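Encoded as C-alpha cells, the structure appears first; notes follow it.
The values are calculated or read from the model by the stated rules, or taken from the named source; none is laboratory data. Note that the coordinates shown come from a computational prediction; the quantities given were computed from them, not determined experimentally. We place every Cβ from the backbone using ideal geometry, glycine too, and count neighbours over all the protein chains shown.
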Amino acid sequence: MRIAIIDDTQSSLDLMAMLVRVLGPEEVHLFLSPVEGLSWCTKNKFDLLIVDYVMPELDGLTLLSQLRAQGSDVPIILVTGEEDGAIGKEALERGANEFVAKPVKRYEFLGSVAKQLATRTGR
C-alpha cells in the first residue's frame, strides 16, 4: 500500500502520517506543498490520497478535481477544519470518497482510511 498525504500544516501532516502508519502501509509520502503533492500524484501509482481542504496555492477541492479530470480513480479523503457542511457535500460531488473533520479523531480517521484502503486493495 502506498498512501500520499498533502497538508500545508506540519503538525497535521505529522499526526495523520503517524496514524496511518498504524495500518502498516509500505510507503507514506508526505507533502507540505499541494503543487508538489499533485505533481507526485500524477506521476506515481498509489492506493489512497488524504488531502487538506484549505491550503495556499491550490486548495484540496481544486486538487481533487484536477486528479479526477486526469482519470484518477484513487480513493481520496478530504480533511477539513471548515464547519460548513457544504464543503463536505462539494467534496463528494467533485469526486472525494469521504471527508473527515479537523482536528481528526483517531478512530474516525483510521476507520475512514481503512475503509478506503479496503475498497482499493480488495481486502
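Residue count for the stretch 6-43 under the criterion of being surrounded by 14 or more Cβ atoms within 10 Å (Cβ to Cβ), in contact (Cβ under 8 Å) with a residue 24 or more places away in the chain and assigned to a helix (DSSP H, G or I): the result is 10. For the stretch 87-123, a residue qualifies if it is in a loop (DSSP other than H, G, I, E, B) and over 20 Å from V22 (Cα atoms), and the qualifying residues are R94, G95, A96, N97. Scanning the stretch 66-86 for residues that are surrounded by fewer than 19 Cβ atoms within 10 Å (Cβ to Cβ), touching a residue at least 12 places away in the same chain (Cβ under 8 Å) and not in a loop (DSSP other than H, G, I, E, B) yields Q66, R68. If the condition is being part of a loop (DSSP other than H, G, I, E, B) and closer than 15 Å to L78 by Cα, then the stretch 48-60 contributes Y53, V54, M55, L58, D59. Being within 20 Å of M55 (Cα to Cα) and touching a strand residue (DSSP E or B) at 6+ places or on another chain (Cβ under 9 Å) is the filter here; which residues of the stretch 95-108 pass it? Once the filter is applied, which keeps residues that are within 20 Å of M55 (Cα to Cα) and touching a strand residue (DSSP E or B) at 6+ places or on another chain (Cβ under 9 Å), the stretch 95-108 yields G95, A96, N97, E98, F99, V100, A101, K102, V104. Is there a residue being aliphatic (A, V, I, L, M), within 12 Å of the chain's Cα centre (by Cα), more than 12 Å from I5 (Cα to Cα) and modelled with pLDDT of 95 or more anywhere in the stretch 33-44? No, every residue in the stretch 33-44 fails to be aliphatic (A, V, I, L, M), within 12 Å of the chain's Cα centre (by Cα), more than 12 Å from I5 (Cα to Cα) and modelled with pLDDT of 95 or more. Listed by first and then second residue, the pairs with beta-carbon distance under 9 Å, at least 6 apart or on different chains, first residue in the stretch 90-102 and closer than 18 Å to I5 by Cβ, second among the aromatic types (F, W, Y), are A91/Y53; A91/F99; F99/Y53; V100/F109; K102/Y53. Which ones in the stretch 66-92 are modelled with pLDDT of 95 or more and over 19 Å from N44 (Cβ atoms)? The answer is L78, V79.
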